[in-house]
Amino acid sequence: MQNLLSAFTFLFAAHLAFAAEPAVKFNRDVRPILSDKCYHCHGPDAAERKAKLRFDIREEALRDRDGIRAIVPGDVDASDAIERIFSSDKKEQMPPPKAHLDLTESEKNTLRKWVAQGAEYAPHWAFVPLPDSIPAPSVKNEVWAKNEIDRFILARLEAENLAPSPEATRERWLRRATFDLTGLPPTQPEIDAFLADQNDGAYERVADRLLASPRFGERMAVPWLDVARYADSFGYQADIDTHAWPYRDWVIRALNDNLPWDEFITWQLAGDLLPGATREQKLATAFNRIHRKTNEGGSVAEEFRQDGVNDRVQTVGTAFLGLTLECARCHDHKFDPIKQRDFYALGAFFNSIDEHGLLHALANIQPQPALLLPTPEQEQKLAHQKAAIAAAEAELEKTNAAREPAFQQWLAAHPAQPATLPDRAASFDFDSEKSGVLANAAHPDQPATLGANTLVPGHAGSAIRFTGDDELKLPAVPLAHMHAPATFAFWLQPGADYPRAVVLHNSNSPDINYNGFDLRLEHGHLQWMVVREWPGNAIAIRTKATVPVGAWTHVAATYDGSARAAGLQLWINGAPAETEVLRDKLTRDTVATNDLRLGARTRDLGLRAGAIDDLQIFTRALTPLEIAQLHDGQIPALENSGPVRDFYFSAIDPETRAAVAKIAAARDTWRGILAGVSELPVMAEEPQPRPTFILARGAYDAPAAPVERTTPDALPPFPPNAPCNRLGLAQWLTDPHHPLTARVLANRLWQEFFGRGIVVTAENFGLQGAQPSHPELLDWLARDFIAHGWDHKRACRQIVLSATYRQTSTASRDLRERDPDNILLARGPARRLPAEMLRDDALALGGILEPGLGGPPVRPYAPDGSMGKSLNNFLPEYRADTGAALHRRSLYTFWRRTTPPPNMMVFDTATRDVCTARRQPTNTPLQPLVLLNDPQFVEAARALGERMLRDGGGTPEQRVAWLFREVTSRPPTARELPDLVALYESQRATFTDDPTRATAFLKIGEHPADPAFPPIELAAAVTTATAIFNLDASVMLR
Amino acid sequence: MTPFQITRRHFFSRLGTGLGAAALASMLPRIGVADETTGALPGFPNFAPKAKRVIYLFMSGGPAQQDLFDYKPRLRELNGQPLPPEVRGQQRLTGMSGNQAILPLAGSHFDFAQHGQSGAWVSSLMPHTAGVADDLCFIKSMWTEAINHDPAITFFQTGSQIAGRPSLGAWVSYGLGSMNKNLPEFVVLVTKKGTDQPLYARLWGNGFLDSRYQGVRFSSGKDAVFYLTNPDGVCQSGRRAMLDKMAALNRQQFEAELDPEIESRIAQYEMAYRMQTSVPEVTDIAGEPQSVLDLYGPEAATPGTFAANCLLARRLAEKGVRFIQLYNPGWDHHGALPQNIPKLAKEVDQGCAALITDLKQRGMLDDTLVVWGGEFGRTSYSQGKLTKDTYGRDHHPRCFTAWMAGAGIKRGITYGATDDYGYNIVDAAGRKLEPSKEKFTPGAVHVHDLHATILQQLGIDHTRLTHLLQGRRFRLTDVHGHVIEELI
């Protein structure tokens, strides 16, 4: 009885204790535990779900299952889940020991308390619609707040019994704001001016000056380019150059012009779909095309096309939704309410462009679809030349009409067509072979070599029979460019019903992508194409009928050089074949080889056991009369008929032929101008959405159920009136009530100024992401951002002017121990300068930063063997640029995905392989080696040392004080000054010991040392500058 | 309170904020600060390790197993015959040979013999390796899922075909921390040559782990570590004086700011300074006796050769570097294999064998795990024309050979087998196995299994070496991997 009573007392007390304790909050306290430790097996993923039990939905968790209930609200003892998490029986215990997901005692108690208090659920904070307004909380200290941001911060501090830190010195705030808004240090005159400006609005004036600087766009572009995984090469094996820098420059322009962020998003996702889309709007869609792409031999195009689409979904997920959508690629998301179906349904928005999965081996062929980016001068020349082509074509029409009398005259004089048709380039009857050489009747000096193929009885005499692996190469057949007219006529005997078989081509890199002229069989259908990049930039037709296997069929393929599908024609047994147009967009040259190859292609399926006879090649699209003649061998009588007239004008009439030559010349000129025009892969929507499927296990070759374009069910519905395409998706994302987009953006913006987001997992707002430290503030920032037209500069201004941001970052030990990560912001932010700012800082301090905005990427100094060919034989040797290119801002440094610059990577830059929303700051011994020894930093320090000698005053004290202030934006303290002088003197002493060292030292880098300064003096100034640059006061932004 | 005390309090105060152990460990300045920590994750190693360190000899490009270790006399008999479709099964071929009109079987041009007590079959291309065969454990039944270089090598180095995951060496550093104060814990050595297949920095990258876990590549150029040497004209005494004054100034800053980050920075500058001495010391082989140089062969004295890197690997191992990754590219023999593979074999054979012998002589083989292998194997049929003189071999992920030695790995055994065609993995009775990543198949060794076994020898339960990112616990072995008990 006694024991029972004690037990009762204990239980009663325990219940009392629970009741007296503050209520457990589901989102804050419970969901993180359930999500992290339970959802893997009892969560949204149906495939992984154990015991058909799920904890992410309350009704399911509470459901009676054969008399057992996992959770019984208010009844801890009846809740099987609680019993099992406290069980010490390894077989009963949850989570099971082998999962290595042990719950801590405190986590177990939280769950018990939660059940005891009624097991209430609440929707995940990030999926709750953004409220229309968020009132700023009331605070006790009414004088501290400068704007609403501060009231949210202060309310939390007051709740935690903390006070904000004092305001930072003006120098400290100026340094902080100048780096945060421009990525560069303030100059001493700027510091002086700010210190002198004691009028109201001094801080605001500085903020406005910095926001108006073109450096703002460069600075803010860097985090966006991390998100957009912008790089100057495609990554993967050969890591070919992207030439995508016009997109990077667009980002800078958009940020400097303060393009509202709803439009910033819309242009990048769907600029091409905007009514009357401008070049800039189309250019912005490169956002979805700069993911990695390979051209490794033997890769499967479809696999990599799908990878590209997946990357677009992943990027949109991270960049705008803060969701790890990629986790739902192979199965339903383990933690978040994202189904595998959702992943592919979102992918359906991004897959309907006419693209190839692999990159062309030729670096100068950009993946299609692509946007031509002519300079204004080129644009004008192209327009002019287009008019010239049109004029030449009109001239031809007139010529034809005028030459009717000439035709009649010629007809009277010529009873029959010539036996040998004009413009013949090659003629092989395959009837005679001498020592493996095949005679060319049209050009006896250009025979062909039989090789491993054989001669067999043919349609007439013998024919060439192909192994399928050995091509017959015909040299010097003129198919040099996209406007080269041609006719190929021959007898063809297919050896099998080939899924695909090359008949003839002059293409490159067939296992990766096609280009050039290409005639092939696909299951008996003839396909005839002229290709720059398949399929996005090509003209192609295909016969509706098939060519029989094993029989002889006469085949002709003609092309008139017009770069239009209508200019392609296929002929079967002397008559035009009915064809369908597969592609009709050829905008640039084919860049193919000059050799024609028959019967096989490297790494492709050839005309195995098939044969060709009587091959005739012409440099003109023959007319029907001529094709018929090649087919039946009958020389037709000439009469006053349409076909004969066509023949005459095409083959005979000198004036018509001269007019045709003029068109060709005009096209040549146009092509020449276009050859110099750069091009950028962009999005361009196909008229019909591509059929899309869920891919089982994420495998490209395992399509399962079909899906339509749609957004995840767990998120707000797709706007009913929006177009069901990327433009509609952008509308959905930028809807003022969307729960995620503005929160995600506001959070990343906050991260740029405070070093960590309000949600520290900036890349994940899902159930496994971090809880917001200040949820109401995040909502307020997001709502405020939308309410003010997604005004980016305004949002930045508001932050740098807040009292929160203006606090000093100096903190007491107590405060540091209480809040080591400065989550509560009882002090100002402090962080190491990121890689780009460190290097730009050095260049700016040296006065050698090249101020130009935008342009092609540059190659600064790099250690031998660190980049390029030394690691990747596909790449050229890394050669540093010379002159101004060495001193450009770091965001212009050529970003080679496979061998990024080591002096940047050491400082935690993103690799730019995939979308990155947050960098991980680290501290390694390789960092000092860069800042102390990299020629880039040594050279910049020399320029800074010269400035000190020039501008820093006469005495060592004056000089080091000037230098220190220049580098750290504050004067040295009285205690620091003697140490600085001692530093300077020690450096002077080492160079005085051995003056030759000073001379050698001053030669580092391309920028010449000023000979006006004595070497020892200058060398000592330089190492002193290096030392100060390496100090915490310099590399940490406090 | 000394600066270090605040540092410690700073760390321990974070325990109370609920930060995970990994986050805590990541804040401990790893190198050069405190002797009491090596920066290992709490609870690591999980059990007594057999291996203190790993030397991984990565043969990039994919060596042809049929010409080196996997003896297939039947291929010679069938030379020129087409690969039977039932042997190929549903196997995916690359676009490089998949469209060939014929896939002719190609017998090796190189003779095989049995070696040592164990009777291991080794081809005439690897005479030195044959000499240490009794110390090796051959795995004939390695397999992978990737068929192209980039995904395959990324898979081998990071456990995922998708770029961006931490490399094996980074995972080991993350789990076990450092054993020395003057050198990085993860060093990468690449043979200096015109590489035919690229090697990317991300192959030894830290992925989503802290960047201090990334491999530090030692190059054979002027600076073994990029930016290691002082600029021309700056002497060590001048640098020392500079660092001393910087430390004094930084300490003043610390007193004002009380930010432990400053202490950590001072420590990193000291570590960098020590590396300026320790790295040249470890890379300078002048003190090696002639007998050792002879062991590694004539190329051992030429910096950047594979032999020199093997010798350097032993020196790094002696100095407490935990993970040493060598890369020898050039094995991608799509064509003219009989002409090219002897050069590659000669490049690596003596160095590999010397490393084993050298470690053994020093008693270090007992706690050094040596691993040899490429990212996939090569086809038994010829890519391109098979002629009397030559053949090529395309990529083949379905079976290939690797070997391991030392640190508790069984000596002189061969694990796993392939069919007479050298095309599929078979069991002891010669029955074809269909290994799948989803379900462990005894007899077949998947990449994840090899990783699990390597970690096992290091005292790590591969299922416990995790990193929480985006809410997911990432593992080197994903949700797969089985320790191959028969090897250990």
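Here are some notes:
So that you can scan it fast, the table gives a plain yes or no per residue for (1) away from chain A (no Cβ under 14 Å); (2) polar (S, T, N, Q):
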residue	(1), (2)
B:83	yes, no
B:99	no, yes
B:110	yes, no
B:117	yes, yes
B:137	yes, no
B:141	yes, yes
B:163	no, no
B:185	no, no
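- Only one of the numbered conditions (1) within 13 Å of another protein chain (Cβ to nearest Cβ); (2) modelled with pLDDT under 95 is not met by residue A:332, and that is (1).
- Qualifying residue in the stretch B:243-258 (condition: within 8 Å of another protein chain (Cβ to nearest Cβ) and either closer than 30 Å to residue A:235 by Cβ or assigned to a loop (DSSP other than H, G, I, E, B) (or both)): yes
- On the stretch given as the stretch B:87-127, residues that are aliphatic (A, V, I, L, M), surrounded by fewer than 17 Cβ atoms within 10 Å (Cβ to Cβ) and in contact with a helix residue (DSSP H, G or I) (Cβ under 8 Å, 6 or more places away or on another chain) total 1.
- Top-ranked residue of the stretch B:338-391 - restricted to ones that are modelled with pLDDT of 95 or more and among the acidic types (Asp, Glu), ranked as nearest to the chain's Cα centre (by Cα): B:375
- When residues of the stretch A:975-996 are limited to those that are facing chain B (nearest Cβ under 7 Å) and of a type in the set (D, E, K, R), the one nearest to residue A:1016 (Cα to Cα): A:979
- When residues of the stretch A:196-239 are limited to those that are within 14 Å of chain B (Cβ to nearest Cβ) and among the polar types (S, T, N, Q), the one farthest from residue A:891 (Cα to Cα): A:237
- Filtered residues of the stretch A:589-602 (kept if crowded, with 22+ Cβ neighbours inside 10 Å and either within 14 Å of another protein chain (Cβ to nearest Cβ) or assigned to a loop (DSSP other than H, G, I, E, B) (or both)): A:590, A:592, A:599, A:600, A:601
- Which listed residue is surrounded by 19 or more Cβ atoms within 10 Å (Cβ to Cβ) and modelled with pLDDT under 95, from B:467, B:446: B:467
- Consider the stretch A:257-294 and keep the residues that are over 25 Å from residue A:240 (Cβ atoms) and of a type in the set (Val, Ile, Thr). The one that is surrounded by the fewest Cβ atoms within 10 Å (Cβ to Cβ) is A:278.
- Residue selected from the stretch A:553-588 under the condition within 31 Å of the chain's Cα centre (by Cα) and in a strand (DSSP E or B), by the criterion nearest to residue A:609 (Cα to Cα): A:582
- Condition broken by residue A:357, with the remaining ones in (1) touching a helix residue (DSSP H, G or I) at 6+ places or on another chain (Cβ under 6 Å); (2) surrounded by 24 or more Cβ atoms within 10 Å (Cβ to Cβ); (3) assigned to a loop (DSSP other than H, G, I, E, B) satisfied: (2)
- Unique match (being part of a strand (DSSP E or B), within 28 Å of residue A:369 (Cβ to Cβ) and either of a type in the set (Ser, Thr, Tyr) or within 14 Å of chain B (Cβ to nearest Cβ) (or both)) among A:542, A:520: A:520
Here is a yes/no grid of residues against (1) in contact with a strand residue (DSSP E or B) (Cβ under 6 Å, 6 or more places away or on another chain); (2) within 13 Å of another protein chain (Cβ to nearest Cβ); (3) over 18 Å from residue A:839 (Cβ atoms); (4) free of Cβ contacts under 8 Å to residues at least 40 places away in the same chain:
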| site | (1), (2), (3), (4) |
| --- | --- |
| A:933 | no, yes, no, yes |
| A:938 | no, yes, no, no |
| A:944 | no, no, no, no |
| A:960 | no, yes, yes, no |
| A:973 | no, yes, yes, yes |
| A:1004 | no, yes, no, no |
| A:1013 | no, no, yes, no |
| A:1027 | no, yes, no, no |
| A:1038 | no, yes, yes, no |
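- Where a residue in the stretch A:402-429 is on the phi > 0 side of the Ramachandran plot and modelled with pLDDT of 90 or more and its partner, wherever it lies, is surrounded by 15 or more Cβ atoms within 10 Å (Cβ to Cβ) and among the hydrophobic types (A, V, I, L, M, F, W, C), with Cβ under 9 Å and at least six apart: A:423/A:618; A:423/A:622; A:423/A:651
- For the stretch A:745-791, the set of residues classified as of a type in the set (A, V, I, L, M), out of contact with any Lys or Arg (no Cβ under 8 Å at 6 or more places or on another chain) and over 24 Å from residue A:806 (Cα atoms) consists of A:770, A:786, A:787, listed by residue number.
- Among the criteria (1) touching a helix residue (DSSP H, G or I) at 6+ places or on another chain (Cβ under 8 Å); (2) in a loop (DSSP other than H, G, I, E, B); (3) at the interface with chain A (Cβ under 7 Å from one of its Cβ atoms), the one residue B:262 does not fulfil is (2).
- Selection within the stretch B:148-194 - at pLDDT below 90, surrounded by 24 or more Cβ atoms within 10 Å (Cβ to Cβ) and more than 17 Å from the chain's Cα centre (by Cα): B:148
- Extreme residue, farthest from residue A:919 (Cα to Cα), among residues of the stretch A:798-818 that are at the interface with chain B (Cβ under 8 Å from one of its Cβ atoms) and not in a helix (DSSP H, G or I): A:812
- Residue A:765 fulfils the conditions (1) within 14 Å of another protein chain (Cβ to nearest Cβ); (2) closer than 30 Å to residue A:892 by Cβ; (3) among the aromatic types (Phe, Trp, Tyr) except for a single criterion, (2).
- Only listed residue being in contact (Cβ under 8 Å) with a residue 60 or more places away in the chain and out of contact with any Leu (no Cβ under 6 Å at 6 or more places or on another chain), chosen from B:162, B:139: B:139
- Residues of the stretch A:76-104 classified as within 13 Å of chain B (Cβ to nearest Cβ) and part of a helix (DSSP H, G or I), total: 3
- Residue in the stretch A:857-882 that is surrounded by the most Cβ atoms within 10 Å (Cβ to Cβ), counting only those that are without any contact (Cβ under 8 Å) to a residue 40 or more places away in the chain and among the hydrophobic types (A, V, I, L, M, F, W, C): A:871
- The criterion of at least 1 residues that are in contact with a strand residue (DSSP E or B) (Cβ under 9 Å, 6 or more places away or on another chain) and within 30 Å of residue A:431 (Cα to Cα) is met by the following helices (runs of 4 or more DSSP H) wholly inside the stretch A:604-723: A:624-632.
- Scanning the stretch B:197-242 for residues that are more than 8 Å from chain A (Cβ to nearest Cβ) and free of Cβ contacts under 8 Å to residues at least 40 places away in the same chain gives B:217, B:240.
- Enumeration of residues in the stretch B:34-87 that are under 30 Å from residue A:872 (Cβ atoms) and not in a loop (DSSP other than H, G, I, E, B): B:53, B:54, B:55, B:56, B:57, B:58, B:65, B:66, B:67, B:68
The values are calculated or read from the model by the stated rules, or taken from the named source; none is laboratory data. Here the structure is a predicted model, which means the values were calculated and not measured. Note: ideal-geometry Cβ built from the backbone for every residue, glycine included; neighbour counts use all protein chains shown.
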